[in-house]
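J.: Attaching a single structure in structure tokens format; questions to follow.
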Amino acid sequence: MIKKPKSGNIRKSKPVQEEPEPDMPAEIKAQPPVAKAPVGIPEAVDGIEEPGDKPKTSSRTLGARRATAVDLAKGQREISVSEFFMKNRHLLGFDSPRKALLTTIKEAVDNSLDACEEAGVLPHIDVTIKGISETRFRVIVQDNGPGIVKNQIGRIFGKLLYGSKFHRLKQSRGQQGIGISAAGMYGMLTTGKSVAITTKPHPAKPAHYCEIQIDSKKNEPQYLKEEDGHEWTGSPTGTRVEIELEAEYKKGKHSVNNYLQQTAIANPHATLSFKGPEGEDMEWTRSSDQLPPEPKEIKPHPRGIELGILIKMMKSTTARNMGGFLKKDFSRVSPAVAAQILAEAKIPATANPKRLAASNAEDVFKAINSEKIRIMAPPTNCISPIGGDLIEKSLRAQINAEFYCALSRPPAVYRGNPFQIEAGIAYGGPDADADSLVKVMRFANRVPLLYQPGGCAITQAIIETDWRNYHMSQSRGSLPAGPAVILVHLASVWVPFTSESKEAVAQYPEIRKEIKLALQECGRALGRFLSGKARVAYEAKRRKIFEIYIDELVEAAGAMARINRANLRKDLVGIAKSKTLDAETPSGGENGSEAEAAAAAGTAAGAKPAAFNGEAKGEADDEGA
Amino acid sequence: MTKALKKLRSMKDPADKIRAMADALVRFAEKGENPYLDIPSRTLSNVTFSDRDSIIKLGDETQRRFFFNIGQAKKFMQTYLVASGCSELLKVRKTTSIRDLYYMTKHTIKDAREETFNDQKESDPIIEDLEVALGSLREELNLFASNRGAMVGNMTIWDSGDMINLRKQGSGGWSVPSIVEENVVRFKSCEAKFILLVEKDAVWRRLNEDKFWKKHNCMLVHGQGMAPRGVRRLLYRMVNELKLPLFVFVDNDPWGFYIYSVIKQGSINLAFESSRMAVPSARFLGLSSYDKGKFKLPDNVSISLNKEDRDRAKQILEYPWFQKEEWQKEIKKMLKEGIKLELEALSAKGISFVSEEYLPYKIKNKLWLN
């Protein structure tokens, strides 16, 4: 058997999620694991050669030598943050120029929303895209948030993986803090332009302006320009970010327009506006003046963590012994439970977690997940759902439909992580396409998920729900068809995405079950509405049938006896009308008037609901990219 | 049975009945009521077996057919269409086949992409509905079914003015018309001592070719499967007017048993006609479930019962007119063996086994069921 040289090439061809690249920044190695893929044990991580290390095995080969250790080392040294970024940009949402544009806006808007909420301000976010050339655009996102103090600007915008969200267990939009700085890096790499930030942290003081680039070798911000007293219009405080990038601007399913509309629906307390490169000028006005309650931070539940995280926690804990570590660093671990876990792992309570981390972590991990030990479900008060009422209000404000319903399920738990499902339906209306499949809006922690619908637990749950029970047509293994929008929101302290690009929710049975329950409840309400609507159509059809047969009947009776045919026809038509009175009821009844009221309210508030049709058609080109 | 229905059925002239039907519709319409027709149900639940007469009779259950009912509107309209067709026939004093009537009443409905009748299967049951609703047989409404069935034997008859010698009918026999009333068919001279009704045309041909009727001095009739109304009515008249015993020779399967039972007691569907068609004295000559063993037929001539056969056999087992012990044994034997036999299976023992051995043996030894 020929043993292949363990060269850099081979290593690099491996999927990045499984084994970190040798030259990635230290922070990236510590990245929390994706859904089900556990992080390797520490030896494996440490075993990877650091730049400049003497290669351990590459020259010990039986086959032909392809490169010397020195060659390899030379090559390895030159890989930098920017190279890592460009190589892995598909993981971060920058795989196509079109997606890059959307991701940039998404990261900026997420940041703005978070900043506003943390400061207790109702968000007002203006998004502008200026066309520089066919393939180059300048994205400007301005918010009315608290602004950023001078010395933080660089860290937020000029350093990858900086942020407070990285490891805490608290419901938040982003989870990895790779967002806005990555967008800046992408812009810099594709256009050479810096990220421009204008921020006004103090109402009484002038705005501060700076231009930043990321030093891709050191992962440090570089200030290119700094000045005070910059021009600022609008809110008393706030931040404006400008990024120029190579991109593609297109309408359709994955359009900026569509993303902003969905963001507005999931954030009823926010007002968003959009000025596009083709003269687009629209605004989605907030339908609620209530800020969502701030989510509480919780300690991780022992059943919710992966082995890699457990090792990290053991290494970095302040507890001096294992008993204390389990009690202090996790939720729902009482002294009795901690004792049970340690007994199961055959580890003394007095052992030092730091020392155990390398050797016995796996035993602890197995003990935690042993069926013999009962651990209470995690607290669920840390989740902040949008709320059924607000979702419905939001749907009414942003979508012109005939029927609306929305609800929140009670919180539930998957693998130790609390989560909550919300669902809503908007049906009918002049803008909806009755012949195509329903339009699905997926959200995770209020962020719209626009890509990879096929692999997502939300899409799967919608397909698995039998919509024919609710008077919608549906082919086997497919989404239902009809003029409807189906919305599903997953709120959780830790959303299990299928990949780093955070585009699809992983298929946990607990999550799918909850989504289905929510959809079924909405479906029943829709079914009741549709059966009323169907009744009117049915009555009209009945009347038509009677009217058709009356002529035949009168002719036949006329041939059978001497009768007055005209009178008989008149009498029968009269009875037919009285028997099908429901056919004359204006369609929709109660819901119809509600829809009209909502449409009127929408116009008054100045909202311009985005057009719905057209988006469902075509635009499958970058599906599942 | 409702008063109106009784009144309608009590009228003598079918033409009056049809006029009354039209008038009823006008009265309903004038009063602003939902027009309806009462039609005696032609279902198993509305059929009673009369032990005394040993025939199936129609009960008093009726179905009310409304016009302003989405499931019934079309049928209601169709019933009037068929009635108007019959009214036309009565007026011009002509008879026609039920297939002709189907074409007379079939057309595209004005302003709709819909036919009054899609096929004859739709119009035939409407004719039966009208027959029971009016209490008039289709023959009285100047309708007849297509001819089916044939007869040969030692007899001369009069058919619509022609004398027919049934001894000289070649290989095909005299085709039995669908209307065989006195005005169409009269019996002249008859030497035959019994009637043999054969289910199948092919076996009937074998017996005719072998001149079975000559050797055994009988009438040989077939109905090509389930005997049509003309054949049944003719058998009834021959049995009652000429006092001839009737033997039935059918396949050994649930369908064959049912054919025998329809001849003997009448059918569920046409229960209203039993009294003028059923022959309670009819005897079942074969094939019996015991014949395979008795005549040592080879195994390969039998066919396994399928699910449908089994279900049908179990149904028949429950019919009140199959409650005689010998019949229960017969049906249970078939279910136990799990096989059925066609008449042609007898040919395995020789091409003329049926005419030269089987039938003579059965008749001579009185191996029949009642």
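Read-outs throughout are calculated quantities, based only on the coordinates presented, and are distinct from any laboratory measurement. Since this is a predicted model, take the numbers as computed values, not measurements. So basically every Cβ, Gly included, is an ideal-geometry build from the backbone, and we count neighbours across all protein chains shown.
J.: So in segment B:150-364, what percent of DSSP beta bridges are antiparallel if you round to the nearest 5? Write down the numbers at each step before the final one.
T.: On the way: 17 of 29 bridges.
Percentage antiparallel, nearest 5: 60.
J.: So, one more: With 10 angstrom as the radius, rank A:Thr104, A:Thr459, A:Thr380, A:Thr199 by how many other C-beta atoms surround their C-beta, starting from the fewest.
T.: Working: A:Thr104 29, A:Thr459 21, A:Thr380 15, A:Thr199 26.
Arranged by neighbour count, lowest to highest, A:Thr104, A:Thr459, A:Thr380, A:Thr199 become A:Thr380, A:Thr459, A:Thr199, A:Thr104.
J.: Tell me, what is the FRET efficiency for B:Leu335 and B:Asp53 to the nearest 0.05, using R0 = 30 angstrom and their Cβ-Cβ distance as r?
T.: Numbers: r = 29 Å, r/R0 = 0.98.
Efficiency, rounded to the nearest 0.05: 0.55.
J.: Could you give the size of the charge dipole of the protein assembly as shown about its Cα centre, using +1 on the Cβ of each K and R and -1 on the Cβ of each D and E, expressed in debye and rounded to the nearest 20? Working shown, then result.
T.: Working: 148 positive and 126 negative charges, 696 e Å.
For the protein assembly as shown, the charge dipole is close to 3340 debye.
J.: Report the gain in length on full extension from A:Gln152 to A:Ala537: 0.36 nm times residue separation, minus Cα-Cα distance, nm rounded to one decimal.
T.: Details: separation 385, 0.36 × 385 = 138.60 nm, distance 6.26 nm.
Answer, rounded to one decimal: 132.3 nm.
J.: I've got another one for you. Where does each of A:Glu514, B:Glu122, B:Glu308 land when they are ranked from fewest to most other beta-carbon atoms within 10 angstrom?
T.: Working: A:Glu514 26, B:Glu122 16, B:Glu308 10.
The order, fewest Cβ neighbours first, is B:Glu308, B:Glu122, A:Glu514.
J.: Here's another thing I want to ask about it. Once Rh is set to the Kirkwood radius over Cα pairs, what Stokes-Einstein translational diffusion coefficient, in µm²/s, holds for segment B:3-144 at a temperature of 37 °C and a viscosity of 0.692 mPa s? All intermediate terms of the calculation are to be shown ahead of the outcome.
T.: On the way: Rh = 16.0 Å.
Calculated translational D: 205 µm²/s.
J.: Would you work out the relative contact order for chain B, in percent, from Cα pairs under 8 angstrom that are 6 or more residues apart? Show your work: numbers first, answer last.
T.: Values: 604 pairs, mean separation 51.3, N = 370.
Over chain B, the number comes to 14 percent.
J.: Okay, next question. From the cross-link list B:Lys214/B:Lys366; A:Lys205/A:Lys250; A:Lys250/A:Lys502; A:Lys130/A:Lys253; A:Lys87/A:Lys502, which pairs have alpha carbons spaced over 29 Å apart?
T.: On the way: B:Lys214/B:Lys366 20 Å; A:Lys205/A:Lys250 39 Å; A:Lys250/A:Lys502 22 Å; A:Lys130/A:Lys253 21 Å; A:Lys87/A:Lys502 18 Å.
Violating the 29 Å Cα-Cα cut-off are A:Lys205/A:Lys250.
J.: Which one, B:Val92, B:Pro40, B:Tyr102, is farthest towards the positive end of the dipole of segment B:1-124 when Lys and Arg carry +1 and Asp and Glu -1 on their Cβ?
T.: Value computed over the given set: B:Val92.
J.: Sort all Cα-Cα distances of the protein assembly as shown into consecutive 20 angstrom bins from zero, then give the percent of pairs in each bin up to the one containing the longest distance.
T.: Per 20 Å bin, starting at zero, the Cα-Cα P(r) for the protein assembly as shown comes out as 11, 26, 20, 17, 19, 7, 0 percent.
J.: Tell me, A:Trp467, A:Trp284 in order of fewest to most beta-carbon neighbours within 10 Å? Spell out each step's value before the answer.
T.: Values: A:Trp467 23, A:Trp284 28.
Neighbour counts put them in this order, fewest first: A:Trp467, A:Trp284.
J.: Right, another one. When the convex hull of the C-alpha atoms of segment A:478-584 is computed, what volume per residue in Å³ does it have? Provide the component values of the computation, followed by the final result.
T.: Details: hull volume 15.7 nm³, N = 107.
Hull volume over Cα atoms, normalised by residue count, gives 147 Å³.
J.: Mind ordering A:347-356, B:225-234 by average Cβ neighbours within 10 Å, highest first?
T.: Working: A:347-356: 16.4, B:225-234: 22.9.
Those peptides, ordered most packed to least, come out B:225-234, A:347-356.
J.: For the protein assembly as shown, give the share of DSSP beta bridges that are antiparallel, in percent and rounded to the nearest 5; count only bridges with both residues there.
T.: 80 percent
J.: Then there is this: Which one of B:Val231, B:Asn69, A:Cys210 has its Cα pushed farthest toward the positive end of the charge dipole of the protein assembly as shown, where Lys and Arg give +1 and Asp and Glu give -1 at the Cβ?
T.: Toward the positive end, the furthest listed residue is B:Val231.
J.: Then there's this: Please identify which residues in segment A:520-561 have an amide N closer than 15 Å to a label point set 7 Å out from the Cα of B:Lys106, following the Cα→Cβ vector.
T.: none
J.: For A:Lys217 and A:Glu464, what does the FRET efficiency come to when R0 = 41 Å and r is the distance between their Cβ atoms, rounded to the nearest 0.05?
T.: On the way: r = 49 Å, r/R0 = 1.20.
Computed FRET efficiency for A:Lys217 and A:Glu464 comes out at 0.25.
J.: Here is a follow-up. Multiply the residue gap between A:Thr233 and A:Lys577 by 0.36 nm, knock off their C-alpha separation, and tell me the result in nm, one decimal place. Please list the in-between numbers first.
T.: Working: separation 344, 0.36 × 344 = 123.84 nm, distance 6.49 nm.
Difference between extended and current length: 117.3 nm.
J.: Turning to a different aspect of this structure: Counting only the backbone N, which residues of segment A:437-478 are under 20 Å from the spot 7 Å out from the Cα of A:Asp389 toward its beta-carbon?
T.: none
J.: Other chains near A:568-575: what is the mean number of their Cβ atoms within 10 Å of each residue's Cβ? Provide the component values of the computation, followed by the final result.
T.: Values: counts 7, 1, 1, 9, 8, 1, 2, 9.
Taking all residues of A:568-575 together, the mean is 5.
J.: List the residues whose amide H sits under 5 Å from the amide H of B:Arg167, counting only those 5 or more places along or on another chain, with H placed 1.01 Å from N in the peptide plane.
T.: Under 5 Å from the amide H of B:Arg167 lie the amide H atoms of B:Gly153, B:Met155, each far enough along the sequence or on another chain.
J.: May I pose another question? Say R0 is 45 Å: what FRET efficiency, to the nearest 0.05, do A:Glu510 and A:His202 get from their beta-carbon distance? Write out the running numbers ahead of the final one.
T.: Values: r = 47 Å, r/R0 = 1.03.
With R0 = 45 Å, the Cβ-Cβ based efficiency is 0.45.
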